[in-house]
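Taking it in order: structure first as structure tokens, then the write-up.
The values are calculated or read from the model by the stated rules, or taken from the named source; none is laboratory data. Keep in mind that this is a model prediction, so the values were computed, not measured. Using ideal geometry, Cβ is built from the backbone for each residue, glycine included, and neighbour counts are taken over all protein chains shown. Heavy atoms of the whole protein, side chains included, go into the accessibility calculation; ligands, DNA and RNA do not. Shrake-Rupley method; radii C 1.70, N 1.55, O 1.52, S 1.80 Å.
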Amino acid sequence: MEMGFATAVELATAIQQGKTTAVEAMEAVLARIGETEELYNCYVTVDRERALQKAEAVQKRIQAGEPAGPLAGVPVAIKDNLHVAGLPTTCSSRILASYRPTFSAEAVRRLEQAGAVVVGKTNMDEFAMGSTTETSAWGVTRNPWNPGHVPGGSSGGSAAAVAAGECFLALGSDTGGSVRQPASHCGVVGMKPTYGTVSRYGLVAYGSSLDQVGPLARTVEDCAAVLEVIAARDEKDSTSLAREDTDFTKALVQDVQGMRIGIPRDYFGQGLDEEVKEAVLEAAALLGQQGALVEEFDLDLVDYAVPAYYTIAAAEASSNLERFDGVKYGYRAAEAEELHQMYKRTRSRGFGPEVKRRIMLGSFVLSAGYYDAYYLKALKVKAMIKAAFDQAFARYDCIVSPVAPTTAPGLGESLQDPLRMYLGDIYTVSANLAGLPAISLPCGVDQKGLPIGLQLMGDCFQEKKLLRVAYTYGQLTQDKMPAGIPGQFVQGAKTVSCPKDQIEKAAVAEAHAPGKGGM
């Protein structure tokens, strides 16, 4: 079998039918990593020996006729804030450079139980704090469609690995769009399920009331297959939910006849790139041509979503990250003479600038004099945003919007203006504040050949409606999906290629960013 850029479902079927093996699939992925990883830097850890051993074990089960799972033999990548027993979990931070967990995250355990084989751990913004995968202590990850640009973040390593063919599936975490935004920038599909659908056990917390594990894949079908595997009640996570409607692959029907789709006017105003706006509105019009009822409406409180999100997320981050003090695990400053000096030096050297910025902001809004003025007020706004979406979903089956105001920025652009980077989350954070499901899928490319993402948001527990709409759109627009060769997109009869000079310059484009390496 010529695996190339086959989908995960196609690969799993081929392995079950004996057309290829789990070992051959893993060897092909490892060979691909060897060819491209120096340029893209998608991974923090690749354990070749472990991956091949796991693939061989899966293949033996298949040959013995034993149940091997629906994803048997499929190579998957795991974001480096999700535990995989025996592999380092660094959260792309120096403060956790030496940490190796003794257990796997529940989502990872369920993937492996379904037969998937972990390739390694992917790069990310440090502790998931960033939108570009440039705040990593292990260097920047580059966008496979143009290495002079970022892949998005914080799950940029996972999205780029899927886009570059360095894995078939990946897991990421989404606190304010960290699965959907890099999926958009890398031209792949990324989904954030309803809060509580996937266990957060084994996920290093950033914002506990916002975080959710989600899949990244090449197709909507692959995303549905992964979500079907990892969605389950988990006694180890008190926020996880028992659901009986997790047969998500049954929602993959090409039919939107009679579905009600809303377009929020507030999401298409100032600050939105014209090419992105046109692509998203064209996608909505196409769904209308298939029988969906598409109309514009007003969605209030959009302007308050970003400040409310960053207030809450920073507050929760300052609480969650206080455990990284050099006492129990991870990096410790060696020359400290007393406890408080050790705390200060460990955290000053172990955390990067963006993490420190958010910890300080979170500590400020939780302080005695400012709690009511900032954090409590943000919680009230969060409740108002949820109420606004409740009203919207009383009228609509799903909401169509952009994923990000622009396509992927150039390397270094966002780090020069953190506030601008925060504002780039304007279309994604509301889903996390309200606990809603949302999916990002490709809907075209801009003049630079960079992918444009379409976001679909649904009411709580309505993933099946989103998958149905997304699948229908994907089937109708396969010519706007990524081509099989990294650096190329096919749009109709036109192929847009990554400029050669960008690829050549990418090797030295890290001068502005943190360097690779450990302590």
* Collect the residues in segment 268-302 that are farther than 14 Å from residue 473 by Cα and assigned to a helix (DSSP H, G or I), keeping them in residue-number order. => 268, 274, 275, 276, 277, 278, 302
* State yes or no: is residue 308 touching a helix residue (DSSP H, G or I) at 6+ places or on another chain (Cβ under 9 Å) and either open to solvent by 20 Å² or more (accessible area, probe 1.4 Å) or at pLDDT 90 or above (or both)? => yes
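Tell me the residue from 428, 406 that is surrounded by 24 or more Cβ atoms within 10 Å (Cβ to Cβ), of a type in the set (S, T, N, Q) and touching a residue at least 60 places away in the same chain (Cβ under 8 Å), please.
428
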* Starting from segment 462-486, keep only residues that are within 19 Å of residue 450 (Cα to Cα), then list their pairs with residues that are assigned to a helix (DSSP H, G or I) and at pLDDT 80 or above whose Cβ atoms are within a distance under 8 Å, requiring at least 6 positions of separation or different chains. => 474/220; 477/283; 477/286; 481/474; 482/163; 486/36; 486/163; 486/164
* Asked: Within segment 259-273, can one find any residue that is out of contact with any strand residue (DSSP E or B) (no Cβ under 9 Å at 6 or more places or on another chain) and either within 21 Å of residue 363 (Cα to Cα) or open to solvent by less than 30 Å² (accessible area, probe 1.4 Å) (or both)?
  -> no
* Structure fact -> Heads up, the helices (runs of 4 or more DSSP H) in segment 1-78 (entirely inside) with at least 1 residues that are under 30 Å from residue 148 (Cβ atoms) and free of Cβ contacts under 8 Å to residues at least 60 places away in the same chain are 22-40, 48-63
* Do you know which of the residues in segment 376-425 that are modelled with pLDDT under 95 and closer than 27 Å to residue 469 by Cα is nearest to the chain's Cα centre (by Cα)? -> 425
* To do: For segment 206-213, indicate whether the set of residues that are open to solvent by 20 Å² or more (accessible area, probe 1.4 Å), touching a residue at least 12 places away in the same chain (Cβ under 8 Å) and not polar (S, T, N, Q) is non-empty.
  => no
* Within segment 235-252, track down each residue that is more than 21 Å from residue 71 (Cα to Cα) and in contact with a helix residue (DSSP H, G or I) (Cβ under 9 Å, 6 or more places away or on another chain). => 236, 237, 240
* Asked: Failed condition for residue 65, given (1) at pLDDT below 95; (2) on the phi < 0 side of the Ramachandran plot, with all others met?
  -> (2)
* Residue check: is residue 225 under 17 Å from the mean Cα position of the chain (by Cα), at pLDDT 95 or above and among the hydrophobic types (A, V, I, L, M, F, W, C)? -> yes
* Here are some residues: 153, 207. Which one is at pLDDT below 95 and either under 11 Å from the mean Cα position of the chain (by Cα) or closer than 20 Å to residue 90 by Cα (or both)? -> 153
* Report whether or not residue 311 is in contact (Cβ under 8 Å) with a residue 24 or more places away in the chain, β-branched (Val, Ile, Thr) and farther than 25 Å from residue 434 by Cα. => no
* **Pairs where the first residue, in segment 374-403, is under 15 Å from residue 265 (Cα atoms) and the second is open to solvent by 10 Å² or more (accessible area, probe 1.4 Å) and part of a strand (DSSP E or B), C-beta under 6 Å, 6+ apart** => 396/260; 400/263
* How many residues are open to solvent by 20 Å² or more (accessible area, probe 1.4 Å) and touching a strand residue (DSSP E or B) at 6+ places or on another chain (Cβ under 7 Å) if we restrict to segment 1-44? -> 2
* Please indicate, with yes or no, whether at least one residue in segment 360-375 is of a type in the set (Val, Ile, Thr), at pLDDT below 95 and surrounded by 20 or more Cβ atoms within 10 Å (Cβ to Cβ). => no
* Structure fact -> Taking segment 331-353 and keeping residues assigned to a helix (DSSP H, G or I) and buried (at least 19 other Cβ atoms within 10 Å of the Cβ) leaves 346, 347, 350
* touching a Ser or Thr at 6+ places or on another chain (Cβ under 8 Å), at pLDDT 50 or above and basic (Lys, Arg) - does that describe any residue in segment 477-493? -> no
